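One structure is given below, encoded as structure tokens.
Just so it is clear, none of the values below were taken in a lab; they were calculated from the coordinates. This is a predicted model, so every value here is computed, not measured. All Cβ positions, glycine included, derive from the backbone under ideal geometry; neighbour counts span all protein chains shown.
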Amino acid sequence: MLLVRYGEIGLKGKNRSAFEETLAKNIEKKLKRYGFRSHTKIVRGRIFVYASEKSANLISRCPGVVSVSPAKELEYEEVEPYLISSLKGLKPSSFAVHTQRLDKNFPKTSPEINAEIGERIVREFGWKVDLNNPDLVVGIEIINSKAYVFFETLPGIGGLPVGTAGKLLLLLSPGMDSPVAGYMMMRRGAVIYALHFSQGPVGEKKVRRYVKALSEYSPREINLMIIPHTAVLDKYRKMLKTIKRDEWTCVLCKYLMLKEADKIAKKVGALGIVTGDSLGQVASQTLHNMMLETRATDYPIYRPLIGMDKVDIERIAKEIGTYDIFISEKEEECPFRPRHVVTRSKPEKFEEILKKLEIS
């Protein structure tokens, strides 16, 4: 079995049980997607997952999970013989026993268990004890009078379980930023739907790979919708040239994409739209331009990367497995970008252009 720990969920008060149940169900759904049979049990701030130990990595990538340990459930009297058998043949330079007693009614304290089990291991194997930097850690958790023994702990990604915060629509591009933005909102409990405005097969292929990578953090496959970019912008781009205002192309492009996203968000029942905007990174992401673009929709627009720089975003992209996809193929150049672009747009000028283009 696998011992799953969570953190933030434990602070949810009266809603705690609902968050725990959602996380347990998410784990079961995800493991089923990858071919693992499982069932779960919620006990004293832990989730017991009865499944193959090979599923530990998948569980660690479930939002809400702080750590995972493949563990053995034992009566306390069985711990010493189990350890003597399991540790035979190992030659660590040092070891330590770390006990956490979640069951406060258990008659022995954590330090007493550490000392008792540690002394037995020393007598049997003669290993050196190092409490600060041990080569081997023997972990023990006491839950409902039972001992759960483990030798490995995989860190999880923390956060909140997917599905506890509602649905969001993610504008997903072939760039590095938007997949990270989607991941960050999933980690806060959102169910993500993805929308891509395609400019060609290379970018579309990368986006499909992003969706597959992000789906590893979701109990279900992420739904991807694709719209040809030309269907949104082409007509108005030509009109901008006609009225000699093509420097507004980037702002108008983002505005039109958000108008289209508004329609789709309504269809899927989303509570907002997510973008990979990072302040000042490109022309459409200045404060002046984002203020105007936001007028395209009544939905809130969530920009989790807004205060990050490329170094911050790249670090997370590497952690979640989307950076290698980003660099795998050269990104297609935007065919619509003009030589000069507006960076400090004025509302009255933009309103004038919208009227000329007959965009409501």
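Some notes on this structure:
- Among the GluC sites (Glu not before Pro) found in the range 259-360, those both in a DSSP coil and sparsely packed, with 11 or fewer other Cβ atoms within 10 Å of their Cβ, are 333, 358.
- Electrostatic tally near residue 3: other residues with Cβ closer than 15 Å to its Cβ, Lys and Arg +1, Asp and Glu -1, net +1.
- Charge context of residue 99, other residues only, Cβ under 14 angstrom, K/R +1, D/E -1: -1
- Segment residue 85-residue 315, length gained on full extension (0.36 nm per residue, minus Cα span): 78.6 nm
- Per residue convex hull volume, Cα atoms of the range 2-155, in Å³: 121
- Built from the Cα atoms of the range 166-356, the convex hull projects on average onto 10.2 nm², one quarter of its surface area.
- The simple spin-label model puts a point 7 Å past each Cα toward its Cβ; for residue 29 and residue 238 those points are separated by 4.4 nm.
- Of the trypsin sites (Lys or Arg not before Pro) found in the range 228-279, those in coil by DSSP whose Cβ has at most 14 other Cβ atoms within 10 Å are 244.
- Each part reduced to its alpha carbon centroid, the range 276-301 and the range 149-206 end up 20 Å apart.
- Ranking of 196, 98 by neighbouring Cβ atoms within 10 Å, starting from the fewest: 98, 196.
- Shown is the FRET efficiency for residue 344 and residue 298, computed with R0 = 25 Å from the Cβ-Cβ distance and rounded to the nearest 0.05: 0.50.
- Over all other residues within a Cβ to Cβ distance under 15 Å of residue 135, the charged ones net out to 0, with Lys and Arg as +1 and Asp and Glu as -1.
- Shown here for the range 16-72: trypsin sites (Lys or Arg not before Pro) in loop regions (DSSP other than H, G, I, E, B) with at most 12 other Cβ atoms within 10 Å, namely 37, 44.
- Straightening the chain between residue 152 and residue 263 buys 35.2 nm, computed as 0.36 nm per residue apart minus the Cα-Cα spacing.
- Computed from Cα atoms alone, the Kirkwood hydrodynamic radius reported for the chain is 23.4 Å.
- For peptides 85-94, 282-291, sequence by mean Cβ density within 10 Å, most packed first: 282-291, 85-94
- Relative to the current alpha-carbon distance between residue 225 and residue 115, full extension at 0.36 nm per residue lengthens the span by 33.8 nm.
- For the range 109-214, alpha-carbon Rg relative to the globular expectation (2.2 N^0.38 Å, N residues): 1.80
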